[in-house]
Amino acid sequence: MLKAQSRGVVKRAQVLVSAVIAALVVGGVAVLVLRSFHARALDSDATLHATQYVTTASPKVNSAGLPVTLPGTLLGVTEATVYARSSGYIVRWSKDIGASVKRGDLLAEVTAPEIDQQLFQAQATRAQSAASEALAKSTADRWTSLRAKDAVTQQDLDERLSAYRQAEADLNAAEANVSRLRSLQGFNRIVAPFDGVVTQRNIDVGDLVQGGNSGTGKALFAVAQVDPLRLYVYVPQAYAHQIAVGDTVSVTLAERAGETYRGSIARTARAIDTVTRTMQVEIRVPNPKGELIAGSYVQVLLPIKGDNSGMVVPTNALLFRPSGIYVAVVDPSAHVRLARVKLGTDFGTEVEVLGGLELEARFIINPSDSVADGDVVTLAAPAPTPVAASRS
């Protein structure tokens, strides 16, 4: 009976061991299958992440005009600040800001009682000088006839002639003083110096104004001729040699989107400012309808002529490395080659390439900093070519 029990225990132990072994085998097979699956997934992900998708483009020939945008301020072609010539009080004014005026139109009147009194005094002095001159002339004439009869000496005659000349000079001085004061009295009328628009009025009735533009003198009016308008821009030295008198330019305002006004280059300084390295250019802009306002901030689009000797590429295709500036070129086998380039004029969103790149080459746009020679890439859909007119 003990043997039978022992055999039963051994048999159960064998069954248990067999079950454990079978479970271990099944578990090992499952682990191997899972590891194989994970290995395949990891290889797939690594292959996917290792693939570089890039967008390429080709350089463009620098043949068309390359516009450059510069800021400027519209000014009246002629502007004048009007001051009082004589001191006095404002009696009335007749033109306010925004009023169109013609040359000689009355702007304001000044009363100057001091000048009036000085004029009366000068007229009286002139009358005295005229009487003295008449007496001296009569005396000189008499002594001349007496000298002809040898009744007086030559010295006496010379004294009378000298007195006459002095009286004549005094009369001329008195007349000049009267003329000067009358001219000052005429300046009591403040008039427009030319056809234009009143842009400032700084006076009112009863104000005391001082003659001249220094000391306590202040500007009474400002007048501007607003057709045409002028503006100055400062062209960088790189473009100065391509600016010519008569060239047509485009003028735009931020508050008038979509509207463009035409102007022309009237003159240039023909010299580079050594401080700013720019050349001053004057532009005339017709304004027959008065749509443009003097003092407005504008953008001026200057045509910079191309010479067919270079190419332009987007600035986001450049790679800046310690050894120089490169462009990542993709060959027909989808391998990357870093081409070192020589740059020319910078047009903002595009830059001129003077050497190191062929016209038929395909380069990567927005290349990663880690791109290197020999990398294999996958080409994505080509990016649209930037429009040249959008350069600024």
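The values are calculated or read from the model by the stated rules, or taken from the named source; none is laboratory data. As the structure is a prediction and not an experimental result, all values here were calculated from the model. Cβ sites come from the backbone with ideal geometry, for glycine too, and all protein chains shown count toward neighbours. Remember, those area values only see protein heavy atoms, side chains included, never the ligands or the DNA or RNA. Shrake-Rupley method; radii C 1.70, N 1.55, O 1.52, S 1.80 Å.
Take ASP158 and tell me if it is open to solvent by 50 Å² or more (accessible area, probe 1.4 Å), of a type in the set (Asp, Glu) and in contact (Cβ under 8 Å) with a residue 60 or more places away in the chain.
No, not satisfied.
Tell me which of these ALA140 doesn't satisfy, since it passes every other one: (1) among the hydrophobic types (A, V, I, L, M, F, W, C); (2) modelled with pLDDT under 90; (3) loosely packed, with under 13 Cβ neighbours inside 10 Å.
Tallying (1) among the hydrophobic types (A, V, I, L, M, F, W, C); (2) modelled with pLDDT under 90; (3) loosely packed, with under 13 Cβ neighbours inside 10 Å, ALA140 fails exactly one: (3).
State which residue pairs qualify: first residue closer than 11 Å to VAL336 by Cβ and open to solvent by 20 Å² or more (accessible area, probe 1.4 Å) and inside segment 351-378, second residue part of a loop (DSSP other than H, G, I, E, B) and at pLDDT below 90 in any location, beta carbons under 8 Å apart, and separation of 6 or more residues or different chains.
ARG362/SER58; VAL376/ALA334
Would you check if there is a residue in segment 218-236 being open to solvent by 40 Å² or more (accessible area, probe 1.4 Å) and part of a loop (DSSP other than H, G, I, E, B)?
yes
So, in segment 271-329, how many residues would count as being outside any loop (DSSP other than H, G, I, E, B), at pLDDT below 90 and acidic (Asp, Glu)?
Of the residues in that region, 0 qualify.
Hey, could you check segment 100-148 for residues that are among the hydroxyl-bearing types (Ser, Thr, Tyr) and touching a Phe, Trp or Tyr at 6+ places or on another chain (Cβ under 8 Å) and say which is nearest to ARG160 (Cα to Cα)?
THR139
Scan THR345, THR274 and give me the residue that is of a type in the set (Val, Ile, Thr), within 25 Å of the chain's Cα centre (by Cα) and open to solvent by 60 Å² or more (accessible area, probe 1.4 Å).
The match here is THR274.
Please state which one of ALA41, ALA19 is modelled with pLDDT under 80, in a helix (DSSP H, G or I), open to solvent by less than 50 Å² (accessible area, probe 1.4 Å) and not acidic (Asp, Glu).
ALA41
For residues in segment 179-217 being in contact with a Leu (Cβ under 8 Å, 6 or more places away or on another chain), outside any loop (DSSP other than H, G, I, E, B) and within 30 Å of PRO71 (Cβ to Cβ), which is least open to solvent (accessible area, probe 1.4 Å)?
Filtering segment 179-217 for residues that are in contact with a Leu (Cβ under 8 Å, 6 or more places away or on another chain), outside any loop (DSSP other than H, G, I, E, B) and within 30 Å of PRO71 (Cβ to Cβ), the one least open to solvent (accessible area, probe 1.4 Å) comes out as VAL198.
Does ALA131 satisfy being touching a Ser or Thr at 6+ places or on another chain (Cβ under 7 Å), without any contact (Cβ under 8 Å) to a residue 60 or more places away in the chain, of a type in the set (A, V, I, L, M, F, W, C) and more than 30 Å from GLY290 (Cβ to Cβ)?
In short, no.
Would you mind stating whether THR69 is open to solvent by less than 50 Å² (accessible area, probe 1.4 Å) and not hydrophobic (A, V, I, L, M, F, W, C)?
Against the criterion (open to solvent by less than 50 Å² (accessible area, probe 1.4 Å) and not hydrophobic (A, V, I, L, M, F, W, C)), THR69 qualifies.
Let's see how each residue does on (1) under 30 Å from VAL285 (Cβ atoms); (2) over 34 Å from the mean Cα position of the chain (by Cα):
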site: ARG85; (1), (2): no, yes
site: GLY98; (1), (2): yes, no
site: GLY104; (1), (2): yes, yes
site: GLN117; (1), (2): no, yes
site: THR125; (1), (2): no, yes
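How many of the residues making up segment 255-270 are assigned to a loop (DSSP other than H, G, I, E, B) and either of a type outside the set (Ser, Thr, Tyr) or within 17 Å of ASP227 (Cβ to Cβ) (or both)?
Of the residues in segment 255-270, 7 are assigned to a loop (DSSP other than H, G, I, E, B) and either of a type outside the set (Ser, Thr, Tyr) or within 17 Å of ASP227 (Cβ to Cβ) (or both).
Kindly list the number of the only condition in (1) farther than 22 Å from VAL233 by Cβ; (2) open to solvent by 30 Å² or more (accessible area, probe 1.4 Å) that fails for GLY324.
(2)
What's the number of the only condition in (1) touching a strand residue (DSSP E or B) at 6+ places or on another chain (Cβ under 6 Å); (2) of a type in the set (Asp, Glu); (3) open to solvent by 80 Å² or more (accessible area, probe 1.4 Å) that GLU109 fails to meet?
(3)
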